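Below is one structure; the comments refer to it alone.
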Amino acid sequence: MKNASNKMRCWYMTLLTSILLLVPTACFTGGGNQSVQTELPSAEASSLTYATMYPEKVDRGAIESFNNEHPELQIEVKEYSGENAYNHLLAEITAGKIPDIIDMGSGWSIELPYQRLVQLGYLEDLWPYIENDPELGREGVIEAPLKSAEVDGKLCAVFGSVAIETLMGAEEIVGKRSHWSLEELMAAFATMPEDSTILEYYCTKADMLRTMLRIDLDSYINWDTGRCSFDSDRFRATLEFTNSFPLEFENTKEAAESIYEELAWRQRNGRQMLTSQFICSLAHIVMADIEAGGRAAFVGYPTEDGRAGAIFVPSGPVLAMSASSQNKDAAWEFIRQIILPQYNKRMLEADRTLTAIPINRKEYDLANRMDMEREPVEMPFFAYGMITVPAPTEDDLRRYDDLINSVERISIFDKDVYDIVEDSCMYYFTGNKTLDETVQLIQSRVSLYVNEQM
């Protein structure tokens, strides 16, 4: 194995995206343009504050529409930008100056300590609002992504769509399973040819660490007691596995060209056991089977707690509501728009530029039905040349549903803890500290941080 290249990774994802654009599949984005007008109760506040550290991503159109419909109660955007944006917003929240609506970010950019804010009572539980909403209710949403964002049974942030990040391998090699341990992964890898790699051969220690932490970081912290378990055998095994990948990779134009050739060769000749995947639609199940050269198994990253090693990644804004807001009904009327249907059949056929799994049940069912009704498509496919992509079947739909319902984690974690662990691990990866020294350093630093927050 060699080191990973960010340039190559971006190129590969761009290639996959361009391929998927040829497949008629659902397209969703956060921030709705639909609004169901309701009669708002009188409120003490004449405005709602919308706080964001990502001003360029705010759906200004949705805010303008809301303000036009409710001249008596305007949403005001408060931007937190610059190097101190995170600390500034967090300081105001913990000081009791909590905005009515908080834009937590999206994708992997969710930085605020969501779990801690929930446990300290700063954020409102949104399940009752969903359950009592005449256009939603539990039956009107895909529950698995929302349940993955629960803290002690409370859902204090919502989003309109997600992708699933996971690892995929041929079922005949990795087995028919939706999760596995490190031991099971290595046992499967032992059956591969000698010159094989577990993942893309350019994947580095840092690449693997980022994903492993994002998937499993919160499981090592008990925010109720302040107890951390980074000194456990489970975390030690994770670091040892991560350290088996290369440290660096040459990032040049010539290297990128050779990467393409070698990656294609490895996939065609069965020299790569697993492939990182973003599952965004039913059509991706069919594409995964083609890439696997047979039936694909979405085994995920190795975990030791028995849960699937896949993770939901919100593809649009993640919105939370202040528990102390003076006008929660109005705040909910705005927030709910990202869960309401954004697209109808005509729009899905016309706009294929974004893909994600919708949270809205009606939209989810519509997108799946359209995928299953389309004709087979001829297209170029990485490493395999021209191929025919058939429409998904009922069996593919069952596998898609099973995958979604198997995922229990979401890419919302404490940025400060993540930074501590990532920084400390580099001493181990570069040989400046032993495994034991690194584990004790992380355990000490994170424990101190967690107890300072309680």
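Evaluating 6.51 cos²θ - 1.76 cosθ + 1.60 at θ = phi - 60° for every residue in the range 101-113, the Karplus couplings come out as 10, 10, 7, 7, x, 7, x, 9, 9, 7, 9, 4, x Hz, glycine and proline recorded as x.
For LYS433, the residues whose modelled amide H falls within less than 5 Å of its own, excluding neighbours fewer than 5 places apart on the same chain, are TYR428.
Among LYS205/LYS415; LYS147/LYS362; LYS78/LYS328; LYS57/LYS154, which pairs are too far apart, with a Cα-Cα distance over 22 Å?
On the way: LYS205/LYS415 19 Å; LYS147/LYS362 19 Å; LYS78/LYS328 18 Å; LYS57/LYS154 26 Å.
Over 22 Å Cα-Cα: LYS57/LYS154.
When TRP127, TRP265 are compared by accessible area at a 1.4 angstrom probe, the order from most to least is TRP265, TRP127. Each Cα pair under 8 Å and six or more residues apart adds its separation to the average, and for the chain the resulting relative contact order is 31 percent. What stretch of the chain, leaving out the sites themselves, is the longest with no GluC sites (Glu not before Pro) in a DSSP loop having at most 14 other Cβ atoms within 10 Å? The reported range is 251-454.
Between amide H atoms placed 1.01 Å from N, distances below 5 Å from LEU48 occur with GLN74, ILE75, GLU76, all of them 5 or more places distant or on a separate chain.
Binning the alpha carbon pair distances of the range 192-250 at 5 angstrom intervals from zero yields the distribution 4, 16, 22, 20, 15, 11, 6, 4, 2, 0, expressed in whole percent.
Each pair of Cα atoms in the range 162-204 enters the Kirkwood radius, and Stokes-Einstein at 20 °C and 1.002 mPa s then converts it into a translational diffusion coefficient of 182 µm²/s. Of the DSSP H helices in the chain, those with a Cα length along their own long axis of 20 Å or more and a mean Kyte-Doolittle hydropathy reaching -1.0 comprise 6-20, 415-429, 435-453. Here is how the number arises for the chain: DSSP H runs of 4 or more residues each give -39500 (n - 2.57), the sum is divided by the residue count, and the result at 222 nm is -12000 deg cm²/dmol. Under the Kirkwood approximation applied to all pairs of distinct alpha-carbon atoms, what is the hydrodynamic radius of the chain in Å? That comes to 23.4 Å for the chain.
Roll a 1.4 angstrom probe over the protein heavy atoms and tell me the percent of accessible area of the chain that is carbon or sulfur.
Values: 9210 of 19180 Å².
Summing carbon and sulfur atoms, their accessible area is 48 percent of the total for the chain.
DSSP beta bridges fully contained in the chain are about 70 percent antiparallel. Above 22 Å, the calculated P(r) of the range 79-205 contains 57 percent of its Cα-Cα pairs.
The trypsin sites (Lys or Arg not before Pro) of the range 136-169 include none that meets both conditions, a loop assignment by DSSP and at most 13 other Cβ atoms within 10 Å of the site Cβ.
Taking amide H atoms as placed 1.01 Å from N in the peptide plane, the amide H of VAL377 lies under 5 Å from those of VAL389, each 5 or more residues away in sequence or on another chain.
The values are calculated or read from the model by the stated rules, or taken from the named source; none is laboratory data. No experiment lies behind these values; they were computed from the predicted model shown. In this analysis, Cβ positions are derived from the backbone assuming ideal geometry, glycine residues included, and neighbour counts consider all displayed protein chains. Side chains are part of the model used for accessible areas, which takes the heavy atoms of the whole protein and leaves out ligands, DNA and RNA. Shrake-Rupley method; radii C 1.70, N 1.55, O 1.52, S 1.80 Å.
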